[in-house]
Amino acid sequence: MDPALASRTLQVATEITNAALSGEDPDAVLPLVVRGAADLAGAHLCLVGVRGEDDKLTVEAAYGGVDPVGTVLSSRSVAARVARGGEPVMVSDFTSDPSTAPFVPPILRLYGPFAVVPFGTSERRLGALAVYRRRGHEPFGPATVDVLNSFAAQAGLALVLAEGSTAREAVAVYQERERIARDLHDVIIQRLYGAGVQLDLLSRQLGNKLSPTEGKRLADAVDQLDQTIAEVRATVRSLRNTDPLYPSPALLETARAEVNTAGELLGFAPEFEVHGDFTDVPPAVADHARAALREALSNVVRHSGASAVTVSLCRDDHGLRLKVVDNGCGIPPGVARRGLLHLEERAEAAGGTCVVESSARTGTSVRWTVSI
């Protein structure tokens with residue numbers, strides 16, 4: 001290879017590699033590729049076509065006299081065959097050569113000499129890089145095609161490496177989002193929940209000892225904690241809904257954490273029964289089930305005075321069933337039904353039902369069911 005051309009090839013390839021690995025969008029890198037290839041090959045036009053799932057090529061970048069960006073080339077075209085097979089092709093006039101003429105787009109009919117090389121690596125064939133000269137000009141020679149082939153491989157490798165770097169950065173971001181969401185859910189929400197329950201219990205224990213103003217302040221504090229918990233949960237959902245690689249935590253794992261938290265507040269461990277496989281429970285249903293379990297246990301801690309609690313979580317062919325049973329005092333008359341309404345709303349949102357049975361003699365039973 002001519003030393004000057006070799007130096008120029010290295011310079012252009014380095015420029016593209018630096019741009020690709022610096023995090024530039026491929027849409028900004030591909031114009032550098034076609035401009036550099038046109039310069040190296042002495043071409044009037046250069047195109048880069050990217051392979052689609054149907055093996056057709058879509059022109060993604062162009063440099064020269066016309067702008068065919070967006071043009072889709074047939075999967076039977078020479079450029080598409082080169083993209084698949086990896087062998088360069090050159091012809092003196094691609095508008096008359098039998099191998100190329102049937103697939104020439106109208107916008108390219110003013111060109112004659114043509115060469116196309118694979119773009120990418122042998123493991124990751126991104127597409128094809130094609131160069132053109134106007135009719136009447138000298139055809140591309142083997143030496144030029146060799147230079148173009150080497151350049152296209154280097155530029156394609158830079159883009160493949162850049163894709164890998166971008167993917168690793170995305171995974172790191174997703175992992176950090178998952179860590180933040182997990183800390184918010186497992187630490188912050190549990191602490192806020194525990195503080196709210198203890199304030200509510202304190203308010204009930206003090207009873208008439210509190211003035212109306214003090215009672216209202218305590219009630220407002222509990223309401224503010226509940227609102228803060230709701231906002232933190234919304235933040236957790238937002239973090240995880242933008243993260244396709246890291247879905248919401250397993251239902252069984254978080255259900256067990258909710259039961260353990262309730263046990264700390266009750267002073268004894270509820271019995272936790274599990275039946276079935278929960279790995280295929282849709283994330284939205286799992287979120288509703290977690291919230292329903294937390295609400296049911298909150299009602300037990302705050303109101304029941306129970307000495308025994310059983311939580312049952314079952315997944316079978318009929319769907320998901322959650323049951324929380326306590327031996328407490330039942331639901332006292334006049335108690336606000338806000339918690340029960342939340343349970344019913346969660347069931348309706350998940351397409352299921354919620355049945356609450358309560359008496360002063362037998363305690364309270366909550367059955368929350370969703371068909372999946």
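Tabulated data
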quantity: So Val355, is it part of a strand (DSSP E or B) and either under 36 Å from the mean Cα position of the chain (by Cα) or not acidic (Asp, Glu) (or both); calculated: yes
quantity: Qualifying residue in region 100-113 (condition: touching a Gly at 6+ places or on another chain (Cβ under 7 Å) and aromatic (Phe, Trp, Tyr)); calculated: no
quantity: Hey, Val117 in contact with a helix residue (DSSP H, G or I) (Cβ under 8 Å, 6 or more places away or on another chain), on the phi < 0 side of the Ramachandran plot and buried (at least 16 other Cβ atoms within 10 Å of the Cβ) or not; calculated: yes
quantity: Residue satisfying all of: in region 28-55; among the charged types (D, E, K, R) and under 21 Å from Ile107 (Cβ atoms); modelled with the lowest pLDDT among these; calculated: Arg51
quantity: Boolean, Arg8 is closer than 22 Å to Tyr132 by Cα, modelled with pLDDT of 70 or more and of a type outside the set (A, V, I, L, M, F, W, C); calculated: no
quantity: Members of region 305-345 found to be of a type outside the set (A, V, I, L, M, F, W, C), modelled with pLDDT of 85 or more and assigned to a helix (DSSP H, G or I), listed by number; calculated: Glu344, Glu345
quantity: From Ala308, Ala284, residue being open to solvent by 40 Å² or more (accessible area, probe 1.4 Å), more than 29 Å from Leu199 (Cβ to Cβ) and not β-branched (Val, Ile, Thr); calculated: Ala284
quantity: Cross-chain or 6+ apart pairs with Cβ under 7 Å, region 198-219 first and closer than 15 Å to Ser304 by Cα and aliphatic (A, V, I, L, M), then open to solvent by less than 50 Å² (accessible area, probe 1.4 Å) and at pLDDT 75 or above; calculated: Leu201/Arg302
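The values are calculated or read from the model by the stated rules, or taken from the named source; none is laboratory data. None of the values given here were measured: they were computed from a predicted structure. Neighbour counts are summed over all protein chains in view; Cβ atoms, including those assigned to glycine, are modelled from backbone coordinates with ideal geometry. For accessibility, only protein heavy atoms count, side chains too; no ligands or nucleic acids. Shrake-Rupley method; radii C 1.70, N 1.55, O 1.52, S 1.80 Å.
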